[in-house]
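Below you'll find the structure, written out as structure tokens, and then a few comments.
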Amino acid sequence: MRNSEPQDVIIQGTERIRWSVPGKEEGPVMVVFAGIHGNETAGIHAIDSVASDLDEANSDLNGSVYSITGNMRALELGVRYVDTDLNRLWENGFDRSQYSPSGTANHTVEYKESLEIKRAVEWILDKHREKASRFIFIDLHTTSSESCAFILINDTLANRELARKFPVPQILGFEENIHGTLLSYINNIGHLSLGFEAGAHTDEASIERSKAFLWLAMHWLEIRRLSDSDVEYYEHQLDIHPNVPDSYYEVNYHKIVNDPTKFEMKSGFQNFDIIKKGTPLAKEHGEVIEAPVSGRIFMPLYQKKGRDGFLIINEVSPFWLKLSAYLRKSFVHKLLRFLPGVYVVNERAFKIDLTVAKFLVKDIFHLFGYRVVRTGEDTVICYRR
Ligand SMILES: [Zn+2]
């Protein structure tokens, strides 16, 4: 591959760069992560295949494309992670104390992996900061359950706008439930980011869907245009499920598992299956876990690693989305500080006393584009995304 940068680079950072295809410097820079979870290799196959096609076509790109390898040690071993989940330790602008109260974080395999990935990201940003029109980060994953393809986004208007180009279901505000993802970190440093989940780990079609997503991403970012018939072809490859509308969804419930070896999902659930409140979903320490709300089951855990048992998502109404897009661009959010029980923490954050502001707090702050994080029984902090 054409990874021929001069020697004056930080080795640790650029080692992570699996390949790069340079193009017009003034264009966008697209950075693709693959294998952040070591048992999810579909993304790796997909990016390598796209790179070799780009090389063969000798394309003149309007921008540059990079790929960064994720958890190298876990990929070698074929496991999700070695010591700790590499996609859960990027909280709060990369504060390592967040993920290891024991203070041993520096020695975990994933801490070293995350540092190297961070250096690679910084190296790319530094190299292109002056000229690039924008940066877009894409993270490729697969799921342990059977699933159609879908997109995970931190709910900013810019992310929404790009994600909407792809005819697949889109999950908003995932970062409120799953903390410390790599894409939250990217989002916090101010760049566009999309997570693409291609389907089941073991499904061959997950590779094809990841490839299709990458070609479409380069097209919509105008790095490399496709013909209309190619767009149609790749959209077809994404293999949309007719019973899962390609609209927006938000997380309404998140089942956290303390010991994944004591948790067993009932067999047969596919991602996005519709479930009713009270449906038995899993067993934990021998006790039946029922759905606390109705909706669609999301990312049921069918592997013995990871702490997210399942989530329940619901469709977001188009009206709500339009209203929130309108409000976020308006000055009205300046008035939020005058609501009862709302205190200013800083320019981008409010603290809410739930004993005073009882109703619709989360909904109102979501509308205005805030991330809502519970910090105590009676308090939440709302961060501007
Ligand atoms: Zn993953």
The one condition in (1) within 16 Å of the ligand (Cβ to nearest atom); (2) out of contact with any Pro (no Cβ under 9 Å at 6 or more places or on another chain) that GLU116 fails to fulfil: (1)
Among the candidates GLU264, GLU175, residue that is among the acidic types (Asp, Glu), within 16 Å of the ligand (Cβ to nearest atom), touching a Lys or Arg at 6+ places or on another chain (Cβ under 7 Å) and modelled with pLDDT under 95: GLU175
Taking the condition of being touching a strand residue (DSSP E or B) at 6+ places or on another chain (Cβ under 8 Å), farther than 14 Å from VAL316 by Cβ and in a helix (DSSP H, G or I), how many residues in the stretch 156-175 meet it? 4
Would you be able to say whether some residue in the stretch 157-164 is at pLDDT 95 or above and either within 16 Å of the ligand (Cβ to nearest atom) or out of contact with any Ser or Thr (no Cβ under 9 Å at 6 or more places or on another chain) (or both)? no
I need a count of the residues in the stretch 187-210 that are more than 16 Å from the ligand (Cβ to nearest atom) and either in a helix (DSSP H, G or I) or within 15 Å of PHE137 (Cβ to Cβ) (or both). 8
Per the list (1) closer than 30 Å to ARG129 by Cα; (2) polar (S, T, N, Q); (3) without any contact (Cβ under 8 Å) to a residue 40 or more places away in the chain, residue check on ASN187 breaks on (3)
Given the stretch 15-115, what helices (runs of 4 or more DSSP H) lie entirely inside it while holding 2 or more residues that are buried (at least 21 other Cβ atoms within 10 Å of the Cβ) and at pLDDT 90 or above? 42-57
Where the second residue is outside any loop (DSSP other than H, G, I, E, B) and of a type in the set (Gly, Ala, Ser) and the first is away from the ligand (no atom under 16 Å from the Cβ) and lies in the stretch 124-144, which pairs have Cβ atoms under 7 Å and are six or more apart or on separate chains? HIS128/SER64
May I ask you to verify whether LEU183 is within 14 Å of the ligand (Cβ to nearest atom), outside any strand (DSSP E or B) and hydrophobic (A, V, I, L, M, F, W, C)? yes
Can you name every one of the strands (runs of 3 or more DSSP E) wholly within the stretch 222-317 that holds 2 or more residues which are buried (at least 16 other Cβ atoms within 10 Å of the Cβ)? 248-256, 263-265, 280-284, 295-298, 308-315
Subset tally (residues that are over 21 Å from SER114 (Cα atoms) and either away from the ligand (no atom under 16 Å from the Cβ) or among the aliphatic types (A, V, I, L, M) (or both)) for the stretch 33-90: 18
Restrict the check to the stretch 211-232 and report whether at least one residue is among the hydroxyl-bearing types (Ser, Thr, Tyr), within 14 Å of the ligand (Cβ to nearest atom) and modelled with pLDDT of 95 or more. no
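The values are calculated or read from the model by the stated rules, or taken from the named source; none is laboratory data. No experiment lies behind these values; they were computed from the predicted model shown. Glycine gets a Cβ as well: all are built from the backbone with ideal geometry, and neighbour counts include every protein chain shown.
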